[in-house]
Amino acid sequence: MSLSDPRREKQLKTFVQKLGLPETAPVNWSLLDLALTHPSISREKNYEQLEFVGDSVVRLAAAEVLLETYPGEPVGEFAALRSMMVSDRTLAEFAESYGLERYLLAASSVNLDRAGRISRLADAFEAVLGALYLSTRTMGLVRVWLDEALKEKAAEIRRDPARQNYKDALQEWTQAKFKRLPEYRVTETATKDGERFNAEVWLNDERLGTGRGRSKKAAEQAAAKSAFLAVVAV
């Protein structure tokens, strides 16, 4: 499907080529244009609905990449890895690497701080994935270029265990499922092994997990991992 503005279509074709797709790829250009239109341009015609679709697309792509790349890993590790692979921060990094921002239509009055910019780029990136998926109703226009980025990010996270943040993963799950944040309760006791902090994580008056650590932060991470693997990755 062509656009009425040939200049805009030319821009979008350049962007698609940056993704690694040929100019002749069966892209619905009207959908891609919508995916790169910020709500500040139009309240009715913007990327929000495509972002909703793209959120599922990127999670599916990440799940398939993990299953294919690390077939021996437990599901709990998959879930924790995926939560970081599809975080706003990561998706914004992907968007920047492909120069997405220069093709995003937004009102000049939009002046966002760093967090706002990350959210905007992540949202637009998901919308692009939604548009590409809906162009063919398959993952054919997505995985051919996105797989490599996801594999590199997964490997990066696995090389640095400190980045495997179960608190963030658990928070993402509780917000999506219950629209609430988990609560951490930490106590301190004298121990011989040095792990003097005990943490519990609670949600809706239910204790989800417990953990110990040499610091409050470490104990909370341990509790979050216990909870995440028990209630999320089942």
Revision key, fill the gap. Residues whose modelled amide H sits under 5 Å from the amide H of GLY209, counting only those 5 or more places away in sequence or on another chain, are VAL201
Study note, to complete from the structure: Taking placed amide H atoms and a strict 5 Å upper bound, the residues 5 or more places from LEU105 or on another chain that come that close are THR37, HIS38
Review point. What's the FRET efficiency of TYR70 with TRP145 using the Cβ-Cβ distance as r and R₀ = 22 Å, to the nearest 0.05?
Key: 0.60
Practice item. Filter the cross-link list LYS10/LYS45; LYS179/LYS217; LYS192/LYS225; LYS45/LYS167; LYS18/LYS151 down to pairs whose alpha-carbon distance in this structure exceeds 25 Å. Key: LYS45/LYS167
**Study point:** Integer Hz, Karplus 6.51/-1.76/1.60 couplings in order for segment 171-180, x for Gly and Pro
**Key:** 4, 4, 5, 5, 5, 5, 8, 10, 6, 9
Check your understanding: Going toward the positive end of the dipole of the chain, with +1 on Lys and Arg Cβ and -1 on Asp and Glu Cβ, which of ALA149, ALA227, LEU32 do you reach last?
Key -> ALA227
**Study point:** Highest-first arrangement of 78-88, 41-51, where packing means the average Cβ count within 10 Å
**Key:** 78-88, 41-51
Exercise for review: Mind giving me the nanometre distance, one decimal, between the label points for LYS179 and SER4, set 7 Å out from Cα along Cα→Cβ?
Suggested key: 3.8 nm
Point to revise | Among (i) 0.96; (ii) 1.03; (iii) 1.05, the entry that matches Rg/Rh (Cα atoms, Kirkwood Rh) as calculated here | key: (iii)
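Once the piece of chain linking GLU23 and ASN204 is laid out straight, how much longer is it, given 0.36 nm per residue of separation minus the C-alpha distance between them? Could you put the intermediate results ahead of the total?
Values: separation 181, 0.36 × 181 = 65.16 nm, distance 5.12 nm.
Length gained between GLU23 and ASN204: 60.0 nm.
Report, in debye and to the nearest 20, how large the dipole of segment 109-234 comes out about its Cα centre when Lys and Arg carry +1 and Asp and Glu carry -1 on their Cβ.
Values: 23 positive and 18 negative charges, 29 e Å.
The calculation lands at about 140 debye.
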Exercise for review: Please name which of LEU91, ALA61, LEU121 has its Cα lying farthest along the dipole of segment 25-142 towards the positive end, using unit charges on Cβ (Lys, Arg +1; Asp, Glu -1) and the Cα centre as origin.
Suggested key: LEU121
Check your understanding: Treating the beta-carbon of each Lys and Arg as +1 and of each Asp and Glu as -1, no other charges, what is the dipole magnitude of segment 40-182 about its Cα centre, to the nearest 20 debye?
Key -> 320 debye
**Study point:** Distance in nm between pseudo-label sites at GLU152 and GLU44 (7 Å out along the Cβ direction from Cα)
**Key:** 4.1 nm
Check your understanding: From the backbone phi of segment 196-204, what are the Karplus-calculated ³J(HN,Hα) couplings (6.51 cos²θ - 1.76 cosθ + 1.60, θ = phi - 60°) in whole Hz, Gly and Pro given as x?
Key -> 8, 10, 10, 10, 10, 10, 10, 8, 6
Check your understanding: Between LYS151, LYS13, LYS177, which gets the highest mean-square fluctuation from a Gaussian network model of the chain, Cα cutoff 10 Å?
Key -> LYS177
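Read-outs: derived from the displayed coordinates by stated rules, not from any lab. Note that the structure is a prediction, hence the values are computed from the model and not measured. Glycine also receives a Cβ, built like all others from the backbone with ideal geometry; neighbour counts cover every protein chain displayed.
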